[in-house]
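Down below is the structure, laid out as structure tokens.
The values are calculated or read from the model by the stated rules, or taken from the named source; none is laboratory data. Everything numeric in this text was worked out from a predicted model, so none of it was measured. Here the Cβ positions follow ideal geometry from the backbone for every residue, glycine too, while neighbour counts run over all protein chains shown.
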Amino acid sequence: MSSLDRYILRQCLTPLAMILIVVTTIVWMTQTLQRVDILVEYGQGFGVFGYLSILIIPSLLAVIIPFAVFGAAVYALYRMHTDSEIAVMFAAGVGRARIAAPLLLVALAGALATLFVNVDLMPRSYRILKERVAEIRADFASSLIRSGEFSNVVEGFTIYVEEARPGGQFIGLLINDHRNGENPETYLAERAIIQETDNGPVMYLKDGNIQRVAQYTGDVSIIRFEEWAINVGNLSNQRGEFYLEETERYLGELFNPDPSKPYDRNFREKLIAEGHARIAGPVYTFAYALAGLYALIGGAYSRRGYFVRVAAASAAIFALRVAGFVSQGAAEQTEAYWLIYAPPVGACAVLTVLLFFQDAIRSALFRPEPA
């Protein structure tokens, strides 16, 4: 790698890192607001909230990296234009391909990073996120029992605890169970703990008594105990059917839906289209980089600046991404999955020809007639 290549790389890598950090942080902060219910409704700490929020980052990178490469390429080239470095390079006989090579190397690294995120990191993180959130929402202790509050868990079953501790431990319990209207029961216990068993979660009460009221006589009987077990499995929030959505699946699971599962049968085309979109995603990195290159070094030298070209290139890459989403939707409807690859591959082909072969095309089209 020559000193020129290293210089252009340095001009590009610093803004690339800054764009990735700033944009990812801003988008990540907006996305974390969707997880505030973990703190508010389920009583989880900031550690759990932060851990779940970090798991969102890979999905953001898959979208941000291609745009960051475009922004870094445009910034580097615009800065070199401002300092007349591009003009000096052209005057010294440096061609467009030589200037573009280091930036395309950055685009290659970005494309490989995007591919890794799409095929492994994103589904892995989303699986962990979904499983952890499902565990929290299914956790009886964290979602239903609060310190110093009467919790009407289900109709006819009310619990009060003085103190709820981590790990499903409770101090000072009052439980009123009148689900069976004929034989209501009231439990008092000094402490309790909820543990998972083969029959579901069970609450073990320690050092307390049970007060029972006879249906016809109204007599109250008190039974003292050192330990008593109550099955609370039917009181907790149930997870329901646990299935993996398209963002939580690896490529093999996307391309080969399981026909025995209702979700896979109903969304077969959507899953396959998502698999193709994961593969096509990295190609957008090259398309965006080429768009930035063409905007800054593809046309004639301009003394008025390159704002209009940069704005047009920015609009073009956003339109290209919208076209990608539209083509993915069309592929789901028609099963013509090649449509997913058409926008990025077509853009790369057109921009490559315009950027590197425009002189040859111009000379071929406007070749002077022989005398």
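Odds and ends about this structure:
- Here Lys130 meets the list (1) surrounded by fewer than 19 Cβ atoms within 10 Å (Cβ to Cβ); (2) modelled with pLDDT of 85 or more almost entirely, failing just condition (2).
- Ala319 vs. criteria modelled with pLDDT of 90 or more and either surrounded by 14 or more Cβ atoms within 10 Å (Cβ to Cβ) or part of a helix (DSSP H, G or I) (or both): yes
- Filter pass, Ser147 being surrounded by 14 or more Cβ atoms within 10 Å (Cβ to Cβ), hydroxyl-bearing (Ser, Thr, Tyr) and modelled with pLDDT of 75 or more: yes
- Pairing each residue of region 92-112 that is under 27 Å from Leu60 (Cα atoms) with any residue that is polar (S, T, N, Q) and part of a helix (DSSP H, G or I), provided the two are 6+ apart or on different chains, yields C-beta distances under 6 Å for Ala107/Thr285; Gly110/Thr285; Ala111/Thr285.
- Members of region 322-342 that are assigned to a helix (DSSP H, G or I), touching a residue at least 60 places away in the same chain (Cβ under 8 Å), of a type outside the set (A, V, I, L, M) and under 16 Å from Ile279 (Cα atoms): Glu332, Tyr341
- Checking every residue in region 298-309 against the condition of being among the hydrophobic types (A, V, I, L, M, F, W, C), surrounded by 18 or more Cβ atoms within 10 Å (Cβ to Cβ) and assigned to a helix (DSSP H, G or I) gives zero matches.
- All told, Arg268 meets the bar of being closer than 19 Å to Val326 by Cα and without any contact (Cβ under 8 Å) to a residue 24 or more places away in the chain.
- Test: residue in region 224-236 that is more than 41 Å from the chain's Cα centre (by Cα), at pLDDT below 85 and either under 17 Å from Gly168 (Cα atoms) or loosely packed, with under 12 Cβ neighbours inside 10 Å (or both): no
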